[in-house]
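Report on the following structure.
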Amino acid sequence: MGCSTCPVSPQAPVARENRGIDNDSVDADDGHIDGMGRTLSYWSDVGPKDLVFTFNASVLGSLPTHAGIVWTDVGFSQPPGPDQYGNVTFEAFGPSGASLGTIGPCLLGDGLFRGQTAEDRFFGAYNPDGISSIRISMPNLSGQPDNTRANWEVDHLQYGAVYQCLPPAAPPRPRTGSVGCGWAYYWFDWKDVPADEEWFWQYETCGTSTGNAANNTTYGGTCMLRARKKANPSCWGPCSPAVNDGLNNSYSVFEACATGPEIPYDAHNLPSGCPLVPDPQGHIAVDFDKDGDVDQNDFGVFQRCISGHKAAQP
């Protein structure tokens with residue numbers, strides 16, 4: 001198949017020289033099943049010993065879950081085989097670039113190079129989380145003085161996606177870093193995000209917004225986190241517990257977290273009923289003066305908030 005407009009990037013320029021009876025494509029490409037394939041192959045003639053095809057997820061919409069290619073012929077080769085024979089290795093790679101496994105080396109060839117198809121072999125891979133690239137190699141090729149390039153052919157590069165959505169789990173409740181009157185700063189730790197997921201902030205309702213993928217947000221209402229699979233952008237999981245620590249009308253939250261003057265709270269064992277999550281310094285949102293307790297000084301700031309005055313955090 002020709003692929004000048006396909007969302008696939010070959011490692012090297014694709015050579016498609018018409019070599020007449022020496023072309024070796026897949027059988028039936030010319031409309032006849034007769035053991036011969038002499039139409040143009042996808043890649044042929046002199047080239048590197050490795051061919052890597054990388055899939056463009058931004059163009060495709062997602063990475064393919066299935067990908068493969070057909071090896072059709074080889075010319076000159078070093079041992080273990082004579083000319084028109086050679087070892088072929090195929091490897092596929094997942095979304096992160098890690099290898100999914102290798103097929104081969106397989107000794108292929110028939111001693112002929114005039115379009116015969118009996119030696120053609122399909123190599124393919126499947127990964128439910130997506131395939132970022134495939135590589136097909138012939139390490140024993142010869143034909144150039146430096147033995148780095150030689151003539152061989154592949155055809156019928158093919159790929160597609162059939163995703164079964166296995167939804168990610170709900171992210172944990174966002175952490176509250178600081179609070180003003182009517183707003184709050186929320187955040188999460190990047191290390192909590194699984195490698196195959198991406199998290200997005202949702203505001204007011206559990207939607208599918210992708211507008212904010214940072215690990216923090218400042219908001220004056222209800223927000224939450226929602227995860228989706230990188231390899232399948234339509235595969236969303238449930239939202240995290242919602243947070244709204246703006247404190248405009250949250251006297252019950254302040255009361256539940258209050259300790260009294262010079263009575264420090266334990267960031268790992270907060271008072272019963274206190275729903276707040278400590279920030280990285282161990283402070284909770286209603287500790288406005290960040291002195292380790294929740295007392296009258298903090299309540300003074302809180303009073304200005306609930307009375308309608310949008311006083312800044314001291």
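Count of segment 162-184 residues, restricted to those that are modelled with pLDDT under 85 and either surrounded by 17 or more Cβ atoms within 10 Å (Cβ to Cβ) or out of contact with any strand residue (DSSP E or B) (no Cβ under 9 Å at 6 or more places or on another chain) (or both), is 11. When restricted to residues that are open to solvent by less than 40 Å² (accessible area, probe 1.4 Å) and either farther than 12 Å from V74 by Cβ or modelled with pLDDT of 80 or more (or both), segment 107-154 contains 17. Apart from one condition, S77 fits all of (1) at pLDDT below 80; (2) more than 19 Å from D120 (Cα to Cα); (3) in contact with an Asp or Glu (Cβ under 7 Å, 6 or more places away or on another chain); the exception is (2). With respect to the stated conditions, A242 fails to be crowded, with 16+ Cβ neighbours inside 10 Å and at pLDDT below 90.
The values are calculated or read from the model by the stated rules, or taken from the named source; none is laboratory data. The model shown is predicted, which means the values in this text are computed figures rather than measured ones. Glycine also receives a Cβ, built like all others from the backbone with ideal geometry; neighbour counts cover every protein chain displayed. Side chains are part of the model used for accessible areas, which takes the heavy atoms of the whole protein and leaves out ligands, DNA and RNA. Shrake-Rupley method; radii C 1.70, N 1.55, O 1.52, S 1.80 Å.
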